[in-house]
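Worksheet for the structure shown next.
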Amino acid sequence: MSNPEITGVICTHNRERFLERCIKSLYKQTLEESKYEVIVVDNGSTDGTKAICDKFAQYSNFTYIYEPILGLSSARNCGWKHASGKYVGYLDDDAWADETWFEKALWSFSHTQPKPDWVGGPIELEWEVVSPEWITKEHWVTLGYVDWGNNPRFLSGPAERLGGGNSFFPLELLEEMQGFDTRLGRKKNLLLSGEETQLQHRLQARGGRLYYHPDIRIFHFVAKERTEPSFFYRRYY
């Protein structure tokens, strides 16, 4: 595909259970299809990920890439290095995007002054089972929850954050900053992260701006095992 305005990247590892719904959400967008592309980075999957991606080979704006070096940061860097859009967005493979995801991200970069360096929006939680009473909104943040209200605005300081699985960046900025630190980020079953926080600190240290838009919304699946105390013990550790 030639000259899309924006690229959506899905990094995935053995998530065939969720992947097809995730991809389909990017083909139900309000933005005209010719203006965006979709890249799936298969990060060493051993399940049916490739077969699912083959179903979308008919789309001229769809690309499948196999990245053998395990790690979310490696997969994200692979995504932007193959992107053709002026802006690059990341969507978690166990989530699905609202229909205005691309349109409002593109609007945010095009109509906001000063121009943002990182654009994102709410991450709502989709529970596999009823959430136990002991799980509070503080725990929701650990599960990926983001909500800074109903009005578009710049975020202030490191305390206000965007979720990496619902984020857009100018491609030239990712090139300049060399993307995500591959020493950090999820690798297989390890819950190590921090690459998004580090990138935020690096951006803000150089005067970069994070912009939140309530219509850049995704819905993130929370599996039953993530409602168990053992998950939180591992995650906080």
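The values are calculated or read from the model by the stated rules, or taken from the named source; none is laboratory data. Because the structure is predicted, anything quoted here is derived from the model rather than measured. As a convention, Cβ positions derive from the backbone with ideal geometry for all residues, glycine included, and neighbour counts pool all protein chains shown. The protein model used for the area step is the full one, side chains on, heavy atoms only, and it has no ligands, DNA or RNA in it. Shrake-Rupley method; radii C 1.70, N 1.55, O 1.52, S 1.80 Å.
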Kindly check whether there is at least one residue in region 20-37 that is in a loop (DSSP other than H, G, I, E, B), open to solvent by less than 70 Å² (accessible area, probe 1.4 Å), farther than 26 Å from Lys104 by Cα and in contact with an Asp or Glu (Cβ under 9 Å, 6 or more places away or on another chain).
-> no
Starting from residues that are touching a residue at least 24 places away in the same chain (Cβ under 8 Å) and not in a strand (DSSP E or B), keep the ones in region 146-156 and report whichever is most open to solvent (accessible area, probe 1.4 Å).
-> Asn150
The residue that is nearest to Cys22 (Cα to Cα), considering only those in region 200-221 that are among the aliphatic types (A, V, I, L, M) and touching a Gly at 6+ places or on another chain (Cβ under 8 Å), is Ile218
Can you list the helices (runs of 4 or more DSSP H) found entirely within region 170-237 that contain at least 2 residues being open to solvent by 10 Å² or more (accessible area, probe 1.4 Å), at pLDDT below 85 and touching a strand residue (DSSP E or B) at 6+ places or on another chain (Cβ under 8 Å)?
-> 195-205
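Quick grid of which residues meet (1) crowded, with 21+ Cβ neighbours inside 10 Å; (2) within 19 Å of Phe168 (Cβ to Cβ):
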residue	(1), (2)
Thr49	yes, no
Ile52	yes, no
Ser60	no, no
Tyr64	no, no
Asn77	yes, yes
Gly85	yes, yes
Tyr90	yes, yes
Phe109	no, yes
Thr112	no, yes
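Do we have Pro68 as closer than 21 Å to Tyr212 by Cβ, in a loop (DSSP other than H, G, I, E, B) and open to solvent by 10 Å² or more (accessible area, probe 1.4 Å) here? Spell out the reasoning first.
Numbers: closer than 21 Å to Tyr212 by Cβ: no; in a loop (DSSP other than H, G, I, E, B): yes; open to solvent by 10 Å² or more (accessible area, probe 1.4 Å): yes.
Answer is no for this residue.
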